[in-house]
1. Answer yes if at least one residue in segment 82-92 is closer than 28 Å to Leu218 by Cα, of a type in the set (Val, Ile, Thr) and open to solvent by 40 Å² or more (accessible area, probe 1.4 Å), and no otherwise.
2. Of the residues that sit in segment 111-145 and are open to solvent by less than 60 Å² (accessible area, probe 1.4 Å) and among the aromatic types (Phe, Trp, Tyr), which one is farthest from Ser41 (Cα to Cα)?
3. Out of all the residues in segment 75-103, which are touching a helix residue (DSSP H, G or I) at 6+ places or on another chain (Cβ under 9 Å) and more than 27 Å from His123 (Cβ to Cβ)?
4. Which members of segment 37-70 meet the condition of being more than 24 Å from the chain's Cα centre (by Cα) and open to solvent by 70 Å² or more (accessible area, probe 1.4 Å)?
5. How many of the residues in segment 96-110 are open to solvent by less than 40 Å² (accessible area, probe 1.4 Å) and within 22 Å of the chain's Cα centre (by Cα)?
6. Can you find a residue that is of a type in the set (A, V, I, L, M) and under 17 Å from Val24 (Cβ atoms) anywhere in segment 134-156?
7. Counting just the residues of segment 155-193 that are farther than 24 Å from Asn219 by Cβ and in a loop (DSSP other than H, G, I, E, B), which one comes out most open to solvent (accessible area, probe 1.4 Å)?
8. Which one is nearest to Ala148 (Cα to Cα), of the residues in segment 194-203 that are of a type outside the set (A, V, I, L, M, F, W, C) and open to solvent by 50 Å² or more (accessible area, probe 1.4 Å)?
Amino acid sequence: MGHVIGSSCGEYLIMAGVAGVVFVIDDDASMRAALEDLISSVRLEVRLFASPQEFLHSNPPDVLGCLVLDVRLPGMSGLTFQKELAKAGIDLPVVFITGHGDIPMSVRAMKAGAVEFLTKPFHEQDLLDAIYAAMERGRARRRGALIAVELRKRSTALTERERQIMALVVIGRANKQIAAELNLSEMTVKVHRGQVMRKMKAASLPDLVRMADHVTALNTSS
């Protein structure tokens, strides 16, 4: 994914080395303590909450992390809270744990985007594997968001003529063909093409093609 924006943007991917925070919401104090011991044992930061309301009142920071969430909670079920998180714009991959799970419940959770649905008692390694998978999903989302911001910034810097030329370059048109189509001199096309490569920070034509595809996808989804 990093190749989409070129090697000059390595600073945008620095978070790949960040371990992240595991937020645990479970109303069972003994379970919270056990989860804290387990997660801390692999040197991950962990924060504990007895309810979704307590978590929300803590003003959780916008950090790389994941949520280990019990399904059955007082006041609001974990499945309902999963939907509320999305509405609130809190982008934390969720790992569900439950002592009372069933197949329809797990299907519902997974369809809503949960990384894993584990039934108590579960193997410690299964939970850790799910947490690592959730962290990686969160990392990928954040990388994607940063790439989107950077590519929008670069494409916005292009003039209308440069956008026209980029659109033709990425579908394989040669400078001579572009010049004829836009009624420009071949030298003018060459200069604009160089500006496109510079402003988009593309290392090669394939790099520019990937960027253009990404920008198109972003514009289509917005």
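The values are calculated or read from the model by the stated rules, or taken from the named source; none is laboratory data. None of these values were measured; they are calculated from a predicted model. Cβ atoms come from the backbone with ideal geometry, glycine included; neighbour counts cover every protein chain shown. Surface areas here come from the heavy atoms of the whole protein model, side chains and all, with no ligands, DNA or RNA. Shrake-Rupley method; radii C 1.70, N 1.55, O 1.52, S 1.80 Å.
1. Looking through segment 82-92, at least one residue is closer than 28 Å to Leu218 by Cα, of a type in the set (Val, Ile, Thr) and open to solvent by 40 Å² or more (accessible area, probe 1.4 Å).
2. Within segment 111-145, the match that is farthest from Ser41 (Cα to Cα) is Phe117.
3. Result: Gly75, Met76, Thr80, Glu84, Ala88, Ile90, Asp91.
4. Asp37, Ser41, Glu54, His57
5. The qualifying residues number 2.
6. Within segment 134-156 (the criterion being of a type in the set (A, V, I, L, M) and under 17 Å from Val24 (Cβ atoms)), the answer is yes, since at least one residue qualifies.
7. Looking at residues that are farther than 24 Å from Asn219 by Cβ and in a loop (DSSP other than H, G, I, E, B), I get Asn183.
8. For segment 194-203, the residue satisfying everything is Lys201.
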